[in-house]
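Student: Provided herewith is a single structure, encoded as structure tokens, for subsequent inquiry.
The values are calculated or read from the model by the stated rules, or taken from the named source; none is laboratory data. Here the structure is a predicted model, which means the values were calculated and not measured. Counting neighbours? That spans all protein chains shown, and the Cβs are built from the backbone with ideal geometry, glycine included. Heavy atoms of the whole protein, side chains included, go into the accessibility calculation; ligands, DNA and RNA do not. Shrake-Rupley method; radii C 1.70, N 1.55, O 1.52, S 1.80 Å.
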Amino acid sequence: MSLKKMNLPVEKADCKKLSVKCEEEEEGDIHPRCVHGPTVLFYYEDKGHQHGYYACSAHRDKKQCSFHVAVEDLTMKHLQRKYNDAAIIYRSTRQKFQDISPEENKHFCLSCNVPLISNDLDSHVGHDVKHNLSKRLLKNPTIFLPPLDNDKVQAQYFFDEKSLEFFENTLRDLKISKVICMGAPRLHAHLSNLWPNTIKSFLLDFDHRFYYFYNDQQFCWYNMCNNHFFDELQRQEFFKFLKCKSNERSLIFTDPPFGCRTELIGNTLQKLTRLYNKLNELPYQPLPIFWIFPYFSGHYLQQVLPSLQMCDYKINYTNHDSYTDVGKSARKQGSPVRLFTNVPLDLIKLPIQELYKYCSKCERYTALENRHCDKCKSCPSKNGSTYVHCNQCGLCVKPNYVHCQNCRRCTQSEGHNCIEYQSKQRCFICRRLGHIEPRCDLWQNKAICRIFPSHMVEYGRDKRSVITCLLCNGKGHNELHCEKRSLYLKESTFMGETQLCEYAKYKKCI
């Protein structure tokens, strides 16, 4: 089986850049499976040749999952391989555990990650055992279960009470009645224990330990990286949960490990949305999504789901030293974790008592330190500091940044090397990576250059205090934000990424 026969798109990239392709059942594209469900096809181009291999969707570390098959080595044996059904064992253990009464006879071995009844204790002598689980602990196991700490697949960080209260209030304001908690066990426990229970919750999680505490109407053992359900009975119950009455509203809430490939999570969200529409016999309509992710990685989300916007609310975790606003290791600007959503931001009310405000110009709530810029016509801050407007860049930047005339950008002053920095920048004219505008072949070689005075072409010589756009010769903005850009460049946008189609209407512009 070759990549060519599979009609895979060829991406021009160096050999270090991996692209991914998920299993698409609708197209009959069946991938081999590992113990964690359908694998992912990783492919790349090297020296004009395309290479690919199938690997586990959940684990990058081969010590966690050793499945790795090159495309040219794929056989029917790989496609037909079956794995032991661990769900049967977990289901049997859960039945034995939940049938015991009273709660004082229920225990949990944290060393073995298994529930125990009193008769099992002798075989776990010397282990770390949580004895006599109360009703409160049984209803919210995240209180005593040690969080998993593999950032690439199973890292668990639990929301603090302020964040949980914010989510609850926001869901109520949006009149959400059903929440799919994908990788958010603390929120699931919080919503499930509300009284009156007006917001129903269903947990989809990779951590099999929750199997022992929730029934099939509340939990699915699930791999969010490939939309794989490990237990068919749970899968059917989840389908029932997705079916809604006319007065019910559903929302997907996901808090994935920050090391996960966003393409995989985005693909799963799109599959769940299609499934929701199919089960409810609806024409395609997007489901509201809350995706928790650090602000500095937000561009990866928006490449996958362009409709997602960042909300200013700073989300705290109880078990992370810096992703919080308390403790010695807490960041000065607060937690970098944010809420990304396709819900209009003007519908999300931030708590004013927690240092948030309403911006009448943006018509939405923002952080108190996020001051509105009349030149940018927005509240531009992302990192929790107050941005300042740079006239030479034509946009707002972090307060610790300084402007570099050579690079035509603001950057950190310490350790700045112009040549190295420029090689990592994306050109404002052609949008390609590896150079800045004065070095752009498109700008230097095309007829468009003739409309500018010669001194403007000299690299690194422009010492004026206000930026001048190299496209229109206008001041106060860069080429990316030029209102006349479409006159010079013809571009197309797909999946949140804009690319140059051709060099447009130069003759008409001169």
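Student: Could you list the chymotrypsin sites (Phe, Trp or Tyr not before Pro) in the range 124-211 that lie in coil according to DSSP, counting only those with at most 16 other Cβ atoms within 10 Å of their Cβ? If you can, show how the numbers build up before the last one.
Tutor: Details: sites: 144, 157, 158, 159, 166, 167, 202, 206, 210, 211; in loops: 144, 157, 158, 206.
Sparse-neighbourhood loop chymotrypsin sites (Phe, Trp or Tyr not before Pro): 144.
Student: Output the relative contact order of the range 167-322, whole-number percent, from Cα pairs under 8 angstrom with separation of 6+ residues. Before the final figure, lay out each step's value.
Tutor: Working: 210 pairs, mean separation 30.9, N = 156.
Relative contact order for the range 167-322 comes out at 20 percent.
Student: Listed highest first by mean packing, meaning other Cβ atoms within 10 Å per residue, what order do 114-122, 186-194 come in? Present the calculation step by step, with values, prior to reporting the outcome.
Tutor: Details: 114-122: 15.2, 186-194: 21.1.
The peptides rank, most packed first, as 186-194, 114-122.
Student: Using 0.36 nm per residue of separation minus the Cα-Cα distance, give me the extension gain between residue 122 and residue 235 in nm, one decimal.
Tutor: 37.1 nm
Student: With a cap of 12 neighbouring Cβ atoms within 10 Å, and only residues DSSP puts in a loop, list the trypsin sites (Lys or Arg not before Pro) found in the range 207-313.
Tutor: 245
Student: Using helices alone, I'd like the mean residue ellipticity at 222 nm for the chain: each DSSP H run of four-plus residues gives -39500 (n - 2.57), total over residue count, nearest 500.
Tutor: -5000 deg cm²/dmol
Student: Now a separate question. Rounded, prolate or oblate for the range 33-131? Axes are the square roots of the Cα gyration tensor eigenvalues, ordered a ≥ b ≥ c, and the cut-off for rounded is a/c under 1.5.
Tutor: Working: a/c = 4.38, a/b = 2.87, b/c = 1.53.
Prolate.
Student: Quick one: what Rg and Dmax do you get for the chain from the alpha carbons, in Å?
Tutor: For the chain, the Cα-based Rg and Dmax read 26.4, 88 Å.
Student: Hey, what's the Kirkwood Rh for the range 244-399 if you take every pair of different alpha carbons, in angstrom?
Tutor: On the way: mean 1/r = 0.0580 Å⁻¹.
Evaluated on the range 244-399, it is 17.2 Å.
Student: Then there's this: Can you tell me, using C-alpha contacts under 8 Å and at least 6 residues apart, the relative contact order of the range 350-440 as a whole percent?
Tutor: Working: 135 pairs, mean separation 11.4, N = 91.
Relative contact order for the range 350-440 comes out at 13 percent.
Student: So what are the ³J(HN,Hα) numbers for the range 136-144, from phi and the Karplus equation (6.51, -1.76, 1.60; θ = phi - 60°), rounded to whole Hz, Gly and Pro as x?
Tutor: 4, 6, 5, 7, 9, x, 5, 5, 10
Student: Out of residues 5 or more away from residue 182 or on other chains, whose amide H comes under 5 Å of its own, with H placed 1.01 Å from N in the peptide plane?
Tutor: Excluding prolines and chain starts, which carry no amide H, the hits are 204, 253, 254, 255.
Student: Once you have a ≥ b ≥ c as the square roots of the Cα gyration tensor eigenvalues for the range 151-219, tell me rounded if a/c is under 1.5, and otherwise prolate or oblate according to whether a/b is larger than b/c. Please list the in-between numbers first.
Tutor: Details: a/c = 2.07, a/b = 1.35, b/c = 1.53.
The shape class here is oblate.
Student: Excluding the sites themselves, what is the longest stretch of the chain that contains no GluC sites (Glu not before Pro) in a DSSP loop with at most 13 other C-beta atoms within 10 Å? Walk me through the numbers before you get to the answer.
Tutor: Numbers: sites that count: 11, 248, 281, 363, 414, 458, 483.
In short, 12-247.
Student: Report the chymotrypsin sites (Phe, Trp or Tyr not before Pro) located in the range 256-306 that are in a DSSP loop and have at most 10 other Cβ atoms inside 10 Å of their Cβ, or state none. Walk me through the numbers on the way to the answer.
Tutor: On the way: sites: 258, 276, 284, 290, 291, 295, 296, 300; in loops: 258, 284.
Those that pass, being in a loop and sparsely packed, are 284.
Student: Of all the C-alpha pairs in the range 143-292, what % are more than 27 Å from each other? Write out the running numbers ahead of the final one.
Tutor: On the way: 1763 of 11175 pairs.
The proportion of pairs with Cα distances above 27 Å equals 16 percent.
Student: Give me the percent relative contact order of the chain, please, defined on Cα pairs under 8 angstrom at least 6 residues apart.
Tutor: Details: 889 pairs, mean separation 38.7, N = 510.
After rounding, I find 8 percent.
Student: A further question follows. How large is the charge dipole for the chain, taken about the Cα centre, if only the Cβ atoms of Lys, Arg (+1) and Asp, Glu (-1) carry charge, to the nearest 20 debye? Provide the component values of the computation, followed by the final result.
Tutor: On the way: 72 positive and 56 negative charges, 378 e Å.
Rounded to the nearest 20 debye, it is 1820 debye.
Student: Per residue, how many Å² of accessible area does the range 271-385 show with a 1.4 Å probe? Write out the running numbers ahead of the final one.
Tutor: Working: 5850 Å² over 115 residues.
Here the per-residue accessible area is 51 Å².
Student: Counting only other residues whose beta carbon sits under 10 Å from that of residue 131, what net charge do I get with K and R as +1, D and E as -1? Present the calculation step by step, with values, prior to reporting the outcome.
Tutor: Values: positive: 106, 130; negative: 104.
Result for the local shell: +1.
Student: So, one more: Which one, 356, 384, 416, projects farthest toward the positive side of the charge dipole computed for the range 295-416 from Cβ point charges (K/R +1, D/E -1)?
Tutor: Working it through, the farthest residue towards the positive pole turns out to be 416.
Student: I would also like to ask the following. Considering only C-alpha atoms, what is the centroid distance from the range 226-278 to the range 62-118, in Å?
Tutor: With the range 226-278 and the range 62-118 each reduced to a Cα centre, they are spaced 21 Å.
Student: Add +1 for every Lys or Arg and -1 for every Asp or Glu among the other residues with Cβ under 10 Å from the Cβ of residue 387, and state the total. Can you show the working numbers first?
Tutor: On the way: positive: 371, 382, 398; negative: 369.
Result for the local shell: +2.
Student: What ³J(HN,Hα) values, in whole Hz, does the Karplus curve 6.51 cos²θ - 1.76 cosθ + 1.60 give for the range 469-476 when θ = phi - 60°, with x put for Gly and Pro?
Tutor: The phi angles translate into 5, 6, 8, 10, 6, x, 9, x Hz.
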